[in-house]
Each structure stands twice: as C-alpha cells, then as structure tokens.
Amino acid sequence: MVAEDSLEIEQGIPLICEDGPNETKTPPRSASKSATQQAIVVLRIRPIPWILCIFMLFEAGSNLLGTPLDSIFERAICRTKGFPPDECKSAPVQREFAFLNGWMMVFLSLPSILTAIPYGRLADTYGRLPILRWSIMGFLLSMTAIGIVGLYPEVFPIRLAWTTPVFTFFGGGGGVFGAMIFTMTGDVTTAVQRTMIFSYIGAVGRITSIIFTPLTSSLMNISDWLPYTIGLLCWSAAICITFVVPETMPAPLRSDHRTSEPSTVGRQGWYRKLEATISSLASTDLSFVWSSATFMILLGTLLLTTLGGYVSNLVLQYSTKRYEWSWSKAAYLMTLLSATNLLQLTVLLPWASSAIARRTQMTSQQRDLWLARRAILIFTLGAILMGISSTPFLMLIGLPLFSFGTPYALLMRTLLASLVDERNSGALYNVIGLVETMGGIIAAPSMAQSMSAGFDLGGMWLGLPFLVVAAMSASCALVLAFVRLPDDRQRVRSHPL
C-alpha cells in the first residue's frame with residue numbers, strides 16, 4: 001500500500017481528488033516513459049516507506065514509554081512522601097506529580113528551542129539523515145537516564161529527572177525529529193500533494209497508537225518495566241534503519257555544498273570547513289518569517305494551540321484522579337483519541353478537501369484555511385466538554401471533538417509551507433518546531449499549575465486546564481476569522497457550501 005501511494009505521488013496524480021480551477025493541473029505523463037525517467041521516479045519514491053517506518057517505530061516507542069513512566073514516577077513520589085500504595089491518588093502526591101511533569105516538559109523543550117535553527121541549517125547543508133539519526137539517539141539516551149532515576153528513587157532525588165533532557169541537545173530533541181520527518185517528506189512531494197501526504201504521516205502515528213496503546217496497557221499488568229524496555233528497543237531499531245535510508249536532500253543543495261567545501265585536506269581543511277559551517281549557521285536567512293503578516297499570524301496560532309497538545313498529556317492523570325481509574329485503564333482513552341485522529345486524517349479531511357474542490361473555486365491555500373477555521377472551533381467545543389465532564393460518558397463525547405487539534409496543526413503546516421520558497425523548507429519546519437516547542441514551554445508549567453489549582457478546589461474545577469485551553473483556542477478561532485490570504489479578493493465560489 002505504501003509503495004502504491006508513493007508511486008502515485010511521483011506520477012503527479014493529486015492525492016486530493018480534485019483541485020479548484022485556480023490550481024495548476026499536472027498533465028498526464030506519456031505511457032512510454034524513458035528508462036531515465038523511470039529510474040528518477042524509482043529513486044525519488046524510495047525514501048517514503050523508510051520514512052514512514054522510522055516514524056512508526058518512533059511513535060511505537062513513545063507509546064510504550066509514556067504511560068509506564070507516568071505510573072513508575074507516581075509510585076516513586078508516593079513512596080518518597082511516605083504514602084501507602086492505596087493513597088497514591090491523594091492531592092499531595094498528584095500535585096507533586098503534576099509539578100514534576102510540567103517542568104519536565106519545559107526541560108525537554110529547551111534543547112529544541114536552542115538548537116532547532118542550527119540543526120535546520122546543518123540539515124540543509126549536510127543532509128537530513130544525520131540530524132534525524134542524532135535526534136533519535138538523544139531521545140534514547142534521555143529516556144534511559146530517566147528510567148534509571150525512576151528505578152532507584154531511594155538513591156536519586158525524583159527531581160533529578162529534570163536534568164536528563166540534557167542528552168537531547170545531541171540531535172535537538174522532538175522538535176528537530178519532527179522537522180526532519182516533514183522536511184524529508186516535503187523533499188519528495190509537490191506542494192499540491194503535501195496536505196494529504198502529511199495526513200498520511202499523521203495516520204501512521206494514529207494507527208501505531210491504536211495498536212500499541214492497548215498493548216502497553218496489557219504489558220503493564222505484568223510489569224511497568226516491560227513496555228518501557230520494548231519502547232527503547234523500538235527506538236534502537238529506528239536508529240538502525242536510518243543507516244539504509246536514501247538521502248532526500250535535493251541535488252542542487254548537495255551540489256552547492258560540494259562546490260562550497262574547501263578543497264584542502266588535513267587539519268587546515270577541517271578547520272576551514274568548521275569555520276564555513278559556523279559562518280553559514282550565523283547567516284541563516286529567516287527573513288521569510290517576518291516578510292508576511294499573514295505568515296506571522298498563522299505561525300502565532302500554533303503557539304497558542306500547542307496548549308491543547310500539552311493538555312492531551314494530562315488526560316490520563318485527569319481521568320485517574322477524577323474517575324479513580326487505574327493507569328492501564330485510563331490508557332485506553334489514548335486508543336479512542338488515536339482512532340478518532342485516524343478517522344479525521346484518512347476519511348474526514350480528504351472528503352472535506354475533495355468536496356470543497358468540487359463545489360468551489362478555492363485554491364489549496366484557501367481550502368486549508370477554511371478547514372483550519374472549522375477544526376479549531378470543534379477543538380474548542382471539545383475542550384469545554386472535557387472541562388465540565390463530571391462523568392466518563394461526557395468525557396467520551398468531548399475527547400473525539402478535542403482531537404481536532406491534530407488536523408488543525410497539520411493544516412497549518414501545509415498552509416505555512418505554501419507561503420514560503422521551497423529552498424527554505426528545512427528552516428521552515430524547524431521554525432514551526434521551534435514555535436511549537438516555545439508553546440510547550442509556556443503550556444507545561446501553566447497547565448501543571450492550573451491542574452494543581454483544580455485539585456485544590458475540587459469538584460467541577462478538576463477540569464480547569466481544559467477550560468483554560470478552551471479560552472485560548474477560542475481566541476485563535478477569532479484571529480483566524482480575520483485572516484485573509486493574498487489572493488482572497490480574487491476568490492469566486494461556484495456553489496455555496
């Protein structure tokens with residue numbers, strides 16, 4: 001299936017069934033392709049299955065590691081505070097756990113903020129694969145270290161876990177990993193196809209979560225350390241695969257790099273090469289960020305909606321506290337969340353895009369903006385329902401609506417990519433990752449504080465973090481309502497929606 005989809009991409013067949021009249025149509029290719037053309041197609045599609053495989057293994061590892069580590073550290077805090085196991089849901093333990101998790105997200109985000117732009121420049125100079133490989137290695141080292149802290153809470157202070165993200169300076173952490181996945185995919189797709197192929201990446205992540213979340217819950221019934229160990233092995237396998245993936249960096253960039261390298265060898269040559277690299281990092285052109293007010297506004301909305309992405313990490317703690325569920329039982333909510341995202345990315349989003357293309361004269365940019373406006377409104381409604389959900393039934397209604405934050409983020413990535421020159425793709429996705437990471441740094445302590453306040457107030461205020469997110473996303477929806485793309489004045493609809 002992946003190979004067929006990849007081949008379709010290279011043949012110029014739009015992944016969205018039909019484009020509006022304002023789009024440039026790709027003419028059908030002749031059936032008699034030359035051997036050279038066929039070789040180019042084969043070489044170009046080769047990385048796509050590997051990229052999806054690496055992403056799947058990384059997501060599998062993340063699913064296998066996340067919930068077990070929550071359970072491990074909750075028990076560790078409970079022991080260090082002197083509470084018996086049946087009182088681990090008490091307010092003091094949960095406040096400390098929320099505080100630990102909140103600041104952990106901040107420290108995990110710092111490496112991405114400080115290194116995203118340099119690593120993006122290095123990826124545009126030396127290739128995507130080395131940076132992708134390093135980012136997974138950094139995560140592997142960091143999660144190994146945090147596991148050691150959780151294993152020996154009597155030896156290591158619990159808050160020593162905050163120092164473990166230092167390993168993610170090697171590779172840049174999650175922001176750089178995501179940027180490399182999207183950059184490599186963008187290297188082998190066209191602007192028209194990008195919305196759908198990004199949806200495919202999201203769908204792979206959701207399918208992986210649907211499979212591995214219940215598997216994690218089952219393995220946790222044996223031991224929390226069993227899924228944790230398997231998760232580390234998944235990341236190790238992803239690192240191994242990076243050694244066989246073809247490089248996707250466009251040939252012109254590679255040739256420019258080769259011609260700019262110093263011809264001398266030895267110590268002097270390496271010194272000049274290092275000096276040239278540092279100089280190129282310092283001169284990274286980010287003018288595309290502030291060259292358009294529309295671009296800056298759309299980028300800013302990602303900063304605010306990152307709050308929703310972080311709050312989704314609190315769903316498990318929220319449900320274990322409010323409904324007195326076990327961690328393994330609460331983990332099934334992630335299966336529901338992933339299944340809903342999969343439906344959105346593989347059915348709802350393609351259907352909506354095709355329907356808009358058939359019934360209107362919108363360009364792909366205008367379609368993405370129209371869909372993003374609706375997605376953020378549904379996301380806001382879901383956050384409100386989750387915030388006031390006094391029963392699991394109301395939570396199960398609100399959670400699928402809340403999950404519309406995922407297609408919103410993908411639509412924004414596609415829309416932003418269409419507003420800048422393709423030569424800046426590596427820098428663009430790292431800027432997006434940087435903004436989302438900054439949003440995480442703001443969100444983590446503020447949401448942890450709001451959750452602690454909700455625990456203190458009790459009752460309906462347990463859902464305070466979700467109500468805060470609802471207010472923030474509503475402000476984003478208001479901003480998006482006034483955003484106008486450069487060619488909006490020329491838009492003419494053939495049929496009302």
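Please enumerate the residues belonging to the range 399-414 that are closer than 13 Å to SER473 by Cβ and either without any contact (Cβ under 8 Å) to a residue 60 or more places away in the chain or touching a Lys or Arg at 6+ places or on another chain (Cβ under 7 Å) (or both). Once the filter is applied, which keeps residues that are closer than 13 Å to SER473 by Cβ and either without any contact (Cβ under 8 Å) to a residue 60 or more places away in the chain or touching a Lys or Arg at 6+ places or on another chain (Cβ under 7 Å) (or both), the range 399-414 yields only LEU401.
In this structure, ILE148 does satisfy being among the β-branched types (Val, Ile, Thr) and assigned to a helix (DSSP H, G or I).
Here is a list: SER450, SER475. Which entry is at pLDDT 85 or above, closer than 23 Å to GLY300 by Cβ and in a helix (DSSP H, G or I)? Steps first, please.
Numbers: SER450 fails: at pLDDT 85 or above.
Answer to the check: SER475.
When restricted to residues that are at pLDDT below 80 and among the hydrophobic types (A, V, I, L, M, F, W, C), the range 458-472 contains 1.
Selection of the range 127-140 for residues being surrounded by fewer than 17 Cβ atoms within 10 Å (Cβ to Cβ) and in contact (Cβ under 8 Å) with a residue 24 or more places away in the chain yields an empty set. Please work out which residue is surrounded by the most Cβ atoms within 10 Å (Cβ to Cβ), limiting yourself to the range 346-356 and to residues that are touching a residue at least 60 places away in the same chain (Cβ under 8 Å) and under 24 Å from VAL204 (Cβ atoms). Top of the filtered list is SER353. Considering each residue of the range 190-206 in turn, none proves to be modelled with pLDDT under 50, farther than 18 Å from ASP421 by Cα and touching a Ser or Thr at 6+ places or on another chain (Cβ under 8 Å). Here THR183 fulfils each of the conditions (1) of a type in the set (Ser, Thr, Tyr); (2) closer than 25 Å to TRP351 by Cβ; (3) touching a Ser or Thr at 6+ places or on another chain (Cβ under 9 Å) apart from (2).
ILE384 meets the conditions (1) in a helix (DSSP H, G or I); (2) among the aliphatic types (A, V, I, L, M); (3) surrounded by 23 or more Cβ atoms within 10 Å (Cβ to Cβ) in every case but one. The failed one is (3).
Within the range 344-382, the set of residues being closer than 30 Å to ALA331 by Cβ and either touching a Gly at 6+ places or on another chain (Cβ under 7 Å) or hydroxyl-bearing (Ser, Thr, Tyr) (or both) comprises LEU345, THR346, PHE379, THR380, GLY382. Can you find a residue that is buried (at least 22 other Cβ atoms within 10 Å of the Cβ) and either among the acidic types (Asp, Glu) or at pLDDT 85 or above (or both) anywhere in the range 155-164? Yes.
The values are calculated or read from the model by the stated rules, or taken from the named source; none is laboratory data. Computed from a predicted structure; not experimentally measured. Positions of Cβ are generated from backbone atoms using ideal geometry, with glycine treated the same way; all protein chains shown enter the neighbour counts.
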